[in-house]
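Rule-based calculations on the coordinates, nothing more; no lab input. This is a predicted model, so every value here is computed, not measured. Ideal geometry is used to build each Cβ from the backbone, glycine not excepted, and the neighbour counts take in all protein chains shown.
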């Protein structure tokens, strides 16, 4: 991992629907371009720790708060009437608009968790704009993954899952129930649903060796915004069904090199996901970290090493 750095520039990218997307650049303005895609959906850039995974002398590091979260406006929980416009295809269009705005020809993509799904979806639509992918705590947005994390894991935590499942109607998937509750006109119902969602998230990650008890968010607004976006995407299978399903298309990335880094103890997102992707993507390398769960310190060190290797392999491009 590299020393902490601060952005040398930042701004807000206006989009046709009125959204303003926060972006920032750090490192070497003339270096190889790299885009970091955060988790969630709705996790945001946070305090910028992602920058430490990139050599600032080699990379022009770009970060983006995806629409509806972080410093981008409006927040999803405060614009429920337009939530239907927030989907994976729109996010891909946002990334292309940012690339053009920053006058970047091609870039390395680094995603964590949901960011892996978005990175893969973008790369499949714009393979000529991607030099390589480094994916950590790998997800692909499939129905199988979503049903596992919201329902299947209940076999391990039956007491917690029974409480989590209670608000759902008989014929409703759990994630669909929470997506509905988090769009309810009653603020109290939305607040309660966000708290219940956070409690379940904290439960299913509790077997991670690096897990620390406590709330995911200290702020009610952030908690509700995160839950709103996650349930919206997951209830819609991340808008990646049919011909857009990543697992069925991954072989199309045959000419794009990638590294998949995943923790063996990731109960919420089992290693079958990166393994399946790797089997159909010969130009990928799979690294399983036996001692960690969903994105531990060793995984991040390996991520930084992989990103550095790609800097050595790829000719530097100026913007």
Suppose each label sits 7 Å from its Cα in the direction of the beta carbon; what would the residue 255-residue 106 distance come out to in nanometres?
0.9 nm
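What order do you get for 182, 75 when you list them from fewest to most C-beta neighbours inside 10 Å? Write out the running numbers ahead of the final one.
On the way: 182 27, 75 19.
Fewest-to-most ranking of 182, 75: 75, 182.
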Please give the Cα centre distance for segment 112-150 versus segment 167-234, rounded to the nearest Å.
22 Å
Cα long-axis angle, helix 187-204 against the chain (0 to 90 degrees, to the nearest 10):
70 degrees
What percent antiparallel are the DSSP beta bridges of segment 1-93, to the nearest 5?
70 percent
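By the gyration tensor of its Cα atoms, with a ≥ b ≥ c the square roots of the eigenvalues, what is the shape of segment 145-238: rounded for a/c under 1.5, prolate for a/b over b/c, or oblate? Before the final figure, lay out the partial values.
On the way: a/c = 1.62, a/b = 1.13, b/c = 1.43.
The shape class here is oblate.
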When the helix-only estimate is applied to the chain (DSSP H runs of n ≥ 4, each -39,500 (n - 2.57), divided by the residue count), what is the mean residue ellipticity at 222 nm, nearest 500 deg cm²/dmol?
-11000 deg cm²/dmol
Taking Cα atoms, the helix 114-125 axis meets the longest principal axis of the chain at an angle in degrees (rounded to 10) of 60 degrees
Roughly what % of Cα-Cα distances in the chain sit above 25 Å, to the whole percent?
48 percent
Using only Cα atoms, find the angle between the long axis of helix 220-235 and the longest principal axis of the chain, and express it within 0 to 90 degrees, rounded to the nearest 10.
90 degrees
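With an 8 Å cut-off on Cα pairs and a minimum separation of 6 or more residues, tell me the relative contact order of the chain in percent.
Working: 622 pairs, mean separation 66.5, N = 319.
In percent, rounded to a whole number, it is 21.
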quick note, the chain, DSSP beta bridge pairs, % antiparallel (nearest 5) is 30 percent
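For a quick check: sort 229, 98, 80 by the number of other beta carbons within 10 angstrom, fewest at the front.
Details: 229 26, 98 19, 80 15.
Ranking 229, 98, 80 by Cβ neighbours within 10 Å, fewest first, gives 80, 98, 229.
Can you sort 47, 247 so the residue with the fewest Cβ neighbours within 10 Å comes first? The partial results should precede the final answer.
Numbers: 47 8, 247 17.
Ordered by Cβ neighbours within 10 Å, fewest first: 47, 247.
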